[in-house]
């Protein structure tokens, strides 16, 4: 309910598939795309590799409970599986 209100107020959909860098012990990215120089891209790519390594131990969400009748739908099941793969697939992952 609160998420829906926030989405309506900001007029955008906001969701993360990966943890925020500082929540998994990583610094913020050194720069943003588009890169001004090849060196700037290299610095970003190095940061990205460190972030990907550190973020493997974290999840961005965890299923707590299901409510109501469970109705299977192939399209929706595909979306849920993709979501879960990126956000909470690792057992024992720390919630970030």
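We did not get these values from a lab; they are worked out from the coordinates using the rules stated. Keep in mind it's a predicted model, so treat the numbers as computed, not measured. Note: ideal-geometry Cβ built from the backbone for every residue, glycine included; neighbour counts use all protein chains shown.
Considering every alpha-carbon pair of the range 10-58, the percent of pairs per 10 Å bin, from zero through the bin containing the longest distance, is 25, 42, 29, 5.
Using only the C-alpha atoms, the convex hull of the chain corresponds to 156 Å³ per residue. Would you please give the FRET efficiency between residue 65 and residue 15, computed as 1/(1 + (r/R0)^6) with r the Cβ-Cβ distance and R0 = 22 Å, to the nearest 0.05? Rounded to the nearest 0.05, the efficiency is 0.70. Here the calculated FRET efficiency for residue 6 and residue 49, from their Cβ-Cβ distance with R0 = 30 Å, stands at 0.40, rounded to the nearest 0.05.
Peptides 49-61, 68-80 ranked from most to least packed by the mean count of surrounding Cβ atoms within 10 Å: 49-61, 68-80. On the beta carbon distance between residue 33 and residue 57, with R0 = 22 Å, the FRET formula returns roughly 0.25.
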